[in-house]
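Trainee: Please see the structure below; I have some questions.
Rule-based calculations on the coordinates, nothing more; no lab input. Keep in mind the model is a prediction, meaning the values are calculated, not measured.
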Amino acid sequence: MAIVNGESASHPTLIGSVQRALRLLEAVGAHADGAPAKQLAREAGLPLPTTYHLLRTLTHEGYLRREDGVFVLGEAAEAIGGAGARRRQRAHISEALAVAGRELGAAVYFAVYREGEVEVVAVTDDPARPPVTEWVDFRATAHAHAIGQCLLAQLDEATRKEHLARHPVQPITPFSVRTEDDLLHRLDTVRRGQVAYERQEYALGTVCSALPVQVGAAAATLAVSLPVDELRRLRSVTDRLRKMAEATLTTLAFSISI
């Protein structure tokens with residue numbers, strides 16, 4: 001029988017106290033309104049003294065909290081659960097973007113403006129239609145790509161000024177907007193047309209477009225990119241993306257952005 005780090009490969013060493021704590025957390029999680037210690041002990045199959053000891057420890061560490069004589073999940077446990085939910089949501093929208101990318105023959109992106117920065121939440125990963133390589137930090141170059149321009153156009157004036165103070169306009173290709181005044185004029189056009197078009201402003205050889213999407217109060221966007229020699233397709237692909245967003249993608253975007 002193989003031994004790895006002092007453990008049998010077929011019978012790994014398990015820590016009983018951790019197992020008991022996990023059973024107790026599962027029992028608490030099964031009750032949205034909480035449950036008292038005696039009920040939790042029965043459901044977890046634990047002696048009452050052991051249950052009290054674990055409840056005190058888990059409460060002290062923030063995994064549980066006691067409210068009106070019952071125990072409910074605490075912030076630490078909710079954070080773990082929330083992280084798992086966000087991963088599942090990201091996987092869900094990534095799958096939806098992959099479907100859209102295959103139908104459009106383009107790389108597809110979903111991004112939000114969160115905590116003062118551009119955040120690309122999900123992007124297709126199709127070798128036949130590879131996304132733009134982030135060769136300069138997307139957060140610092142919102143002025144130079146369609147995603148960033150679409151997001152900046154949705155911000156209020158004060159928030160936009162604060163962003164540009166931190167990330168000033170500077171050209172990164174020969175086609176980039178060159179001054180803040182040029183950018184502000186572009187953003188006016190984006191707001192009127194409800195779409196940002198960008199041609200080789202961030203990456204040479206690539207053209208992009210981005211649409212604003214409604215996800216509550218958050219600024220968000222769905223975007224596509226194509227090789228520059230397919231520029232003629234960009235407007236029709238953008239129109240098709242808009243229809244997809246109206247049908248399904250915005251709902252998925254909302255679920256992951258909040």
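Trainee: Compute the orientation-averaged projected area for the stretch 28-79 from the convex hull of its Cα atoms and round it to one decimal in nm².
Mentor: Computing the convex hull of the Cα atoms and averaging its projections yields 3.2 nm².
Trainee: Over the Cα atoms of the stretch 47-189, what Rg and Dmax result, in angstrom?
Mentor: Every Cα atom of the stretch 47-189 included, Rg and Dmax give 22.5, 72 Å.
Trainee: Each residue of the stretch 211-219 in turn: what ³J(HN,Hα) in whole Hz from Karplus with 6.51, -1.76, 1.60 and θ = phi - 60°, glycine and Pro shown as x?
Mentor: 10, x, 10, 8, 9, x, 8, 6, 7
Trainee: With equal scatterers on the alpha carbons only and no solvent term, can you work out the Debye log10 of I(q)/I(0) for the stretch 120-258 at 0.09, 0.16, 0.20, 0.22 1/Å?
Mentor: For the stretch 120-258, the Cα-only Debye profile gives -0.25, -0.83, -1.33, -1.57.
Trainee: Given only helices, namely DSSP H runs of n ≥ 4 each adding -39500 (n - 2.57), what is the per-residue ellipticity at 222 nm of the chain, to the nearest 500 deg cm²/dmol?
Mentor: After summing the helix terms and dividing by the residues of the chain, the value is -14500 deg cm²/dmol.
Trainee: Can you give me the long-range amide H partners of Val213? Hydrogens built in the peptide plane at 1.01 Å from N, cutoff under 5 Å, separation of 5 or more residues or another chain.
Mentor: Ala220, Thr221, Leu222
Trainee: Continuing with the same structure: Under the definition of Cα pairs under 8 Å and six or more residues apart, what whole-number percent is the relative contact order of the chain?
Mentor: Reported as a whole number, the value is 15 percent.
Trainee: Also: For mean projected area of the Cα convex hull in nm², the listed values are (1) 20.3; (2) 11.7; (3) 12.9; which was obtained by calculation from the structure presented?
Mentor: After the calculation, the listed value that fits is (1).
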